[in-house]
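One structure is given below, encoded as structure tokens.
Read the figures in this text as sums done on the coordinates, not as results from a lab. Bear in mind the structure is a predicted one, so any value in this text is a computation, not a measurement. So basically every Cβ, Gly included, is an ideal-geometry build from the backbone, and we count neighbours across all protein chains shown.
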Amino acid sequence: MKTFQAQLPHRIELWKSLERIKEAGYETWYAEMIEHYSCPECHTLNSAYDLACRRCGSSPSCAYVRLHKDEIAPHITKMT
Ligand SMILES: [Zn+2]
């Protein structure tokens, strides 16, 4: 499980998410995740791999990317 978690950057928060679901419930956590991945400018939902917003180009695309940019960037380079 630890290896699985470390493989891809969108799993960085896996442990934290599991804790949060336990504590706040799935629906609260899910609403928070939508917020966490949404563009602060236009509220478009982005993925962990969109460094800039897919709609308005605002960078970082969301709070998740802002927090984990350094961990995400090498994976994006590898994919392109
Ligand atoms: Zn945007």
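Some observations on this one:
- Under 5 Å, built H, 5+ apart or other chain: amide partners of Ser38: Asn46, Ala63
- Two-site FRET efficiency, Thr3 against Thr44, from Cβ-Cβ distance with R₀ of 30 Å, rounded to 0.05: 0.40
- Once the Cα-Cα distance is subtracted from the 0.36 nm per residue extended length, the Trp15 to Glu35 segment shows a gain of 5.4 nm.
- In the chain, the calculated helix contribution to ellipticity at 222 nm averages -17000 deg cm²/dmol per residue, counting -39,500 (n - 2.57) for every DSSP H run with n ≥ 4.
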